[in-house]
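Reviewing the structure listed below.
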Amino acid sequence: MTADDVIRAWDQADPTAIHPLRNVSEGAYWESGRGQAEMLATVIPDGAKVLDFGCGDGRVAIPVAGLGFEVTAVDASQNMLNRLTERDPDVTTVQADADGIAGHLGRRRMDAVYTLAVLIHHSYQDCLHIITKLRAATKLGGILVLDWPVSDQPAEADSWIGVTTWSREQQDEACAAIGLEPVESDLPWGVYRAIKPAA
Ligand SMILES: C[S@@+](CC[C@H](N)C(=O)[O-])C[C@H]1O[C@@H](n2cnc3c(N)ncnc32)[C@H](O)[C@@H]1O
C-alpha cells in the first residue's frame, strides 16, 4: 500500500469505517472523540495552536476546538472535511497530505500536532515521512502525539484498514533521527517534545 492508496481508500470509505463505536451509535462515536480530546488536553498547553493530522470528519478535532484550542484540521480527503464542516463550520480545515502542510503554514509553526488512527494504516517508510513533516510543522519545544502502537511482533498493515505496529527499538531510532524526545504521560499514544530544529 502506498500513501496514495490509503488516502484514496479513505476518501471513498463509508464513514462508519472511522471508528468501531460508530457501529454502536452516533452518540457513542462522538462521545469517544470528546473523551480523547480531554486526554489530549492533559499534555497540550491551554489555548495552544494545534494541528489534527488526518482529522476525518472531526470526531476529535471538533471537541478539541470546543476545549478552547485553536485547531487546524488537516485531511487529504475533501469528503471527510466536508462532513466536518457540516457538523462544525467554525473549525479551520485544510485539504492536504503531509507534504501539503508546509505550503499551508508558511512560516507559522504549531504548538502541538496530534494524529490519531492515521499512521496505523501506513507503511513504515510512509509513517517516517509523515512524522518528519509533522515535526517540521511543530515549533521547537512543541508537543507531538503519535498513535503508532508498539508490538512484540511488529508488522506493516497489509490493507488500507490494516494496522502497522512497531518495535520499541524502531520507534527509538525514528525519534532520535527526527528529533523527538518522549514525554511521560498516561495517554495510550506516544507523546513527544520536538527537541532539535526540523530538517
Ligand atoms: C481512521 S480515519 C481517523 C480520523 C480521525 N483522526 C479520528 O480519529 O477520528 C483516518 C483519516 O486519515 C486520513 N488520512 C490517512 N492518511 C492520510 C495522509 N497520508 N494524509 C492526510 N490524511 C490522511 C483519511 O482521509 C481519514 O480521514
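The values are calculated or read from the model by the stated rules, or taken from the named source; none is laboratory data. This is a predicted model, so every value here is computed, not measured. As a convention, Cβ positions derive from the backbone with ideal geometry for all residues, glycine included, and neighbour counts pool all protein chains shown. Remember, those area values only see protein heavy atoms, side chains included, never the ligands or the DNA or RNA. Shrake-Rupley method; radii C 1.70, N 1.55, O 1.52, S 1.80 Å.
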| note | Comparing L21, L84, L51 in a Gaussian network model of the chain (Cα, 10 Å), the one with the largest mean-square fluctuation is L21
| About the Cα centre of the chain, what is the dipole size in debye to 20, counting +1 per Lys and Arg Cβ and -1 per Asp and Glu Cβ, all else neutral? | 660 debye
| remark: Per residue, the convex hull enclosing the alpha carbons of the chain has a volume in Å³ of 114 Å³
| query | Hey, what number do you get for the chain at 222 nm if only DSSP H runs of n ≥ 4 count, each worth -39500 (n - 2.57), divided across all residues, to the nearest 500? | reply | -10500 deg cm²/dmol
| Among the GluC sites (Glu not before Pro) within the range 112-199, which fall in a DSSP loop and have no more than 14 other Cβ atoms within 10 Å of their own Cβ? | E184
| query | What residue among R87, R59, R135 has the largest mean-square fluctuation in a Gaussian network model of the chain, using Cα springs under 10 Å? | reply | R87
| How much area per residue is accessible in the range 3-194 when the probe is 1.4 Å and only protein heavy atoms are counted (Å²)? | 47 Å²
| remark: If one builds a Gaussian network model of the chain from Cα atoms under 10 Å apart, the most fluctuating residue listed among P154, P20, P182 is P20
| query | In whole Å, how far is the Cα centre of the range 9-44 from that of the range 120-158? | reply | 19 Å
| task | Send over the semi-axes of the range 101-199's equivalent ellipsoid, whole angstrom and largest first, taken as the square roots of 5 times the C-alpha gyration tensor eigenvalues. | result | 22, 15, 12
| task | Towards the positive end of the charge dipole of the range 3-194, with charges on Cβ (+1 Lys, Arg; -1 Asp, Glu), say which of G33, P15, S151 has the farthest Cα. | result | G33
| Percent accessible area from carbon and sulfur atoms, the chain, protein chains only, probe 1.4 Å | 49 percent
